[in-house]
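In what follows, a single structure is set out as structure tokens and then discussed.
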Amino acid sequence: MAERTVTVLDYIDNITVPGNVFKEPANEYWALVCMWQGMEYLYRQASRCDGIVKHRVNPEGKVTYVSLGNDPQFRGISKALLTSAFHWYAMSAYQYVLTVGAIAYRQDTTRPIPPDYVKKVIPQILAFRDKVAAHFAWAKNHSKDTDAERLASILPPLAFTDDSFHVGVFAVTVRRAGKVSHSRAIQPWSICRVHEQLRKRYWPDQGAQEAVHNEEPNAE
């Protein structure tokens, strides 16, 4: 008997579907391909920015460097485009993870419902998506958002720490009418750090191939 072909959608939670769904992807699988290719593109752009600043401030990886704002070491980095990349990545990652969760749940209703799967896989991106990327909390004035979260959603978010650009690094505290609120729900995350973890879960061969490529000597 011939072996049954399956496609692994999630290597950590062992989510599989029958057949080679990415050979000629359609519908939800085509959507996954589109989202992942976009995430890969944004990862490469963010990785380039990380590499430029790391080379300037911590080339040997021996120091702890934390900075934000108009640091001269950020020269040549378009902070506006990089900020937008975080917004785009958050939305695409949310769509990708939610879709995988929906596929899994439709096959097996004992698995987590799709929103709970998202909370498990990308909790920090989910908070950023809900309060910043999908809409600025400041603009919606939703009762579930705090005053501090509303303010944090429109502040310049980029900071360089742990050799990578992050958003959500600095928490905001606001006191209004005797009530204190904070923005700790908006958690720190880096496109590069998150994407490298998602590669291990969803496309491990792609990450391995890039690692080999990066080890190859540059052409003279």
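The values are calculated or read from the model by the stated rules, or taken from the named source; none is laboratory data. Predicted model only: the values in this text are computed from it and were never measured. Quick reminder, even Gly has a Cβ in these numbers, built from the backbone with ideal geometry, and neighbours come from all protein chains shown.
Figure legend. Inter-residue proximity from the range 142-166: first residues without any contact (Cβ under 8 Å) to a residue 24 or more places away in the chain, second residues surrounded by fewer than 20 Cβ atoms within 10 Å (Cβ to Cβ) and in a loop (DSSP other than H, G, I, E, B), beta-carbon distance below 6 Å, spacing 6+ or different chains. Indicated pairs: I154/F136. Picking from residues in the range 179-209 that are among the polar types (S, T, N, Q) and closer than 18 Å to V118 by Cβ, the one that is surrounded by the fewest Cβ atoms within 10 Å (Cβ to Cβ) is Q197. Just one of the listed residues (G76, G19, G51) is free of Cβ contacts under 8 Å to residues at least 40 places away in the same chain and touching a strand residue (DSSP E or B) at 6+ places or on another chain (Cβ under 8 Å), and it is G19. Please tell me if R56 is among the basic types (K, R) and surrounded by 15 or more Cβ atoms within 10 Å (Cβ to Cβ). Yes, satisfied. Hey, among Y89, Y105, which residue is buried (at least 20 other Cβ atoms within 10 Å of the Cβ) and hydroxyl-bearing (S, T, Y)? Going through Y89, Y105 in turn, the sole match is Y89. For the range 27-44, indicate whether the set of residues that are in a loop (DSSP other than H, G, I, E, B) and more than 20 Å from the chain's Cα centre (by Cα) is non-empty. Taking every residue of the range 27-44 in turn, none turns out to be in a loop (DSSP other than H, G, I, E, B) and more than 20 Å from the chain's Cα centre (by Cα).
Taken together, the criteria place S164 among residues that are at pLDDT 95 or above, touching an Asp or Glu at 6+ places or on another chain (Cβ under 6 Å) and either more than 19 Å from D10 (Cα to Cα) or among the charged types (D, E, K, R) (or both). Taking the range 21-64 as the range and being in contact with an Asp or Glu (Cβ under 9 Å, 6 or more places away or on another chain), farther than 24 Å from I125 by Cβ and of a type outside the set (V, I, T) as the test, the residues that pass are N58, G61.
Checked against the criterion of being of a type outside the set (K, R) and modelled with pLDDT of 90 or more, the candidates A159, A177, A171 yield just one match: A159.
If you check D10 against the conditions, is it touching a strand residue (DSSP E or B) at 6+ places or on another chain (Cβ under 9 Å) and surrounded by 12 or more Cβ atoms within 10 Å (Cβ to Cβ)? Yes: the conditions hold for D10. Looking across V57, V17, one residue alone is over 20 Å from the mean Cα position of the chain (by Cα) and under 30 Å from R106 (Cβ atoms). It is V17.
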